[in-house]
1. Does L36 fit the bill of being touching a helix residue (DSSP H, G or I) at 6+ places or on another chain (Cβ under 8 Å), in contact (Cβ under 8 Å) with a residue 40 or more places away in the chain, of a type outside the set (S, T, Y) and over 24 Å from L92 (Cα atoms)?
2. Of the numbered conditions (1) under 30 Å from Q25 (Cα atoms); (2) free of Cβ contacts under 8 Å to residues at least 40 places away in the same chain; (3) outside any strand (DSSP E or B), G44 satisfies every one except a single condition; which is it?
3. Scan the range 47-98 for residues that are open to solvent by less than 60 Å² (accessible area, probe 1.4 Å), among the acidic types (D, E) and in a helix (DSSP H, G or I) and jot them down.
Amino acid sequence: MSTTDQGKDSNRLTQVVADARRNRQEREKTYREKALKMYPHVCGRCAREFSGKQLKELTVHHRDHNHDNNPPDGSNWELLCIYCHDNEHGRLEVAEAYDGSSSSTKTPESDFSHKPFAALEALLKGEK
């Protein structure tokens, strides 16, 4: 390897290290990094503790479900493990599905006064 190639490799390595440091600083500015610094590394639902490589399984949940609402004091965040976070969003989807059927928009199919077998007795008597 020539000294020119070594110089290029050294410059490339320096650039990679500088990029990595800059990316880390930008990442620390994100709400996840801020939340991980503010709160203990414990799931807010199941109380499981996280450290080391497992820390990637700890997510930031937005309490009002608005990912743009990131107050500096972290009041809209809670740390949840990936399982509890999925459960939380699943419960929200179910609640929204049930919310769509209000009493003012009931159809005969969803009304409990609908009797699908009301004419069955007459049909059976007619066949005998």
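The values are calculated or read from the model by the stated rules, or taken from the named source; none is laboratory data. What you see is a predicted model, and the numbers here were worked out from it, not measured in a lab. Cβ atoms come from the backbone with ideal geometry, glycine included; neighbour counts cover every protein chain shown. Protein only, heavy atoms only, side chains kept; ligands, DNA and RNA dropped before computing areas. Shrake-Rupley method; radii C 1.70, N 1.55, O 1.52, S 1.80 Å.
1. The answer is yes for L36.
2. So the condition that G44 fails would be (2).
3. Result: E57, E88.
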